[in-house]
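The values are calculated or read from the model by the stated rules, or taken from the named source; none is laboratory data. All figures in this text were calculated on a predicted structure; none of them were measured in a lab. Virtual Cβ from ideal backbone geometry, glycine too; neighbours counted across all protein chains shown.
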Amino acid sequence: MGPVRIGILGAARIAPSAVIKPARNITEAEVRAVAARNRGRADAFASKHGIAKVRDSYAALVSDPELDAIYNPLPNGLHAEWTIAALEAGKHVLCEKPFTANAKEAEEVAAVAARTGLVVMEAFHYRYHPLAKRMREIVESDELGVLRRVETALCFPFPKFSDIRYQYDLAGGATMDVGTYTVHMARLLGCEEPDVRSAHAKLHTPDVDRAMRAELTFPSGHTGRITCSMWSRWFIQTYARVIGDRGELHVINPTSPQLWHRMRVKSGNDARTERFSRRPTYEYQLEAFCAAVLHGETTLTAPADSIANMRVLDAIYVAAGLTPRGT
C-alpha cells in the first residue's frame, strides 16, 4: 500500500509545520496538491513548498481522484462545510482545531464520518506527543492521589486585529483559537467531562473575545480553570498543572514540547523532572493519521472527542454572556 496522498485546503500559515514538513520525514505521507481562493496564491504556495499540483478551487481539490485525504486548515467557520464535502467525496480528513464552529456542527460532521466510514481526526498535535501520554499516565496512576484541581493556560500576544482569528463570522475569538488547547488539556488531565461553572471574557469587539478565563467542575468533585489569551495582561503563559491530595504535576509548554518543555512531579517528599523527545508534535500527529487511514488504527482525537470539546467551548461562551460561534 502506497503513502497517503494528501491535498491541502488553503495556503494556510500552519500547513508547512503541520503537514508539509512532517510529510518529508514520514514515508506513509505525501502532500500532492493544494487549492486556495486565489489561484496565484496557491501557485506561489505550491512553488515555495514543492507541491506538484494546484487545483482551481476547494471543490476541485476534494473531488480529486488522485488524493486519499484532505488537510483542512481553513478558517474555523469553514471547517464543518469542507470537512463534510471532503468526506462526501470519499476523502479522509485531518481537520485543524477547533473541529467546527460549535457542537451542533461537530455532531453533523461525526454523523457523516460514521456513515462514510472514513477517518476524521482533529489536529490537536500535542496529544500525540509522548509528553501528553505521560501526563495522563501520571494522573491515572494515583501518584498524585485524589484529584483536586486542574489548571491549563495558553496565552500569547497576537494584536493583529484584522486577522481572521478576530472575526466572528469566521468563528473567531481567543477561546476558539488558543482556548481549544486549554479546554482539551483540562479534559485530558481531569479525566472526565467538565461543566462550566463561570467564565469571564476580555473583549475585542462586543461578540469576539481576546481573552477568556473559565472555572470548571468535574463529576468526581475536582475543579478546574482554563486561561487563554491573544491580547491581555496574561502576556505569555503556557502550562498545565494538576493538584492532588498527595502530589502535584506541573508542565511548562505542553503544547509544543519540541521547542522547550519542563515537567516537574512532586509526590509526598519526593520530586523529579522528566524529559521527552524533541521530535515535532506534528510528526507524531501525521503518523497517527496515516496509521488510521492505512491500517485502521484508532486515533486519540476522533469525532466523539471533538464533540465533547466543542460542547465545553460552547458552554464557556454562554457562561461569559456571549453567543457560541456559528449560532
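Going through (1) part of a loop (DSSP other than H, G, I, E, B); (2) touching a Pro at 6+ places or on another chain (Cβ under 8 Å); (3) within 18 Å of Asn253 (Cα to Cα) one by one, Pro157 falls short only on (2).
Region 162-247 holds strands (runs of 3 or more DSSP E) entirely within its bounds, and those carrying 3 or more residues that are under 20 Å from the mean Cα position of the chain (by Cα) and surrounded by 22 or more Cβ atoms within 10 Å (Cβ to Cβ) map to 208-217, 223-229.
In this structure, is Gly221 closer than 23 Å to Arg127 by Cα and not assigned by TED's automatic domain parsing to the domain that holds Cys95? In short, no.
Among residues of region 199-227 that are without any contact (Cβ under 8 Å) to a residue 40 or more places away in the chain, those with a beta-carbon under 6 Å from a residue that is among the aliphatic types (A, V, I, L, M) and in a strand (DSSP E or B) at least six positions away or on a different chain give the pairs Lys202/Ala211.
The number of residues in region 71-101 that are of a type in the set (Val, Ile, Thr) and surrounded by fewer than 24 Cβ atoms within 10 Å (Cβ to Cβ) comes to 1. For region 131-171, a residue qualifies if it is within 30 Å of Arg275 (Cα to Cα), in contact (Cβ under 8 Å) with a residue 40 or more places away in the chain and among the acidic types (Asp, Glu), and the qualifying residues are Glu140, Glu143, Glu151. Thr327 meets each of the listed conditions (1) of a type in the set (Ser, Thr, Tyr); (2) exposed (fewer than 14 other Cβ atoms within 10 Å of the Cβ); (3) at pLDDT 95 or above apart from (3).
To keep it simple, each residue is scored yes or no on (1) surrounded by 20 or more Cβ atoms within 10 Å (Cβ to Cβ); (2) more than 18 Å from the chain's Cα centre (by Cα).
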residue	(1), (2)
Val265	yes, yes
Thr273	no, yes
Val293	yes, yes
Ile316	yes, no
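Of the residues contained in region 108-115, one or more are found to be of a type outside the set (A, V, I, L, M), without any contact (Cβ under 8 Å) to a residue 60 or more places away in the chain, assigned to a helix (DSSP H, G or I) and outside the structural domain of Gly247 (by TED's automatic domain parsing). Against the conditions (1) within 28 Å of Tyr239 (Cα to Cα); (2) assigned to a loop (DSSP other than H, G, I, E, B), Gly77 satisfies every one except (2). Restricting region 38-70 to residues that are in a loop (DSSP other than H, G, I, E, B) and not small (Gly, Ala, Ser), the residue that is surrounded by the fewest Cβ atoms within 10 Å (Cβ to Cβ) is Pro65. If the condition is being more than 14 Å from Gly172 (Cα to Cα) and in contact with a Phe, Trp or Tyr (Cβ under 9 Å, 6 or more places away or on another chain), then region 203-215 contributes only Arg213. For first residues located in region 86-106 and assigned by TED's automatic domain parsing to the domain that holds Val120 and under 20 Å from Val31 (Cα atoms), partners that are among the acidic types (Asp, Glu) and assigned to a loop (DSSP other than H, G, I, E, B) and lie 6+ apart or on another chain with Cβ distances below 8 Å form the pairs Lys91/Asp68; His92/Asp68.
In region 253-268, the count of residues that are among the polar types (S, T, N, Q), outside the structural domain of Val109 (by TED's automatic domain parsing), free of Cβ contacts under 8 Å to residues at least 60 places away in the same chain and in a strand (DSSP E or B) is zero.
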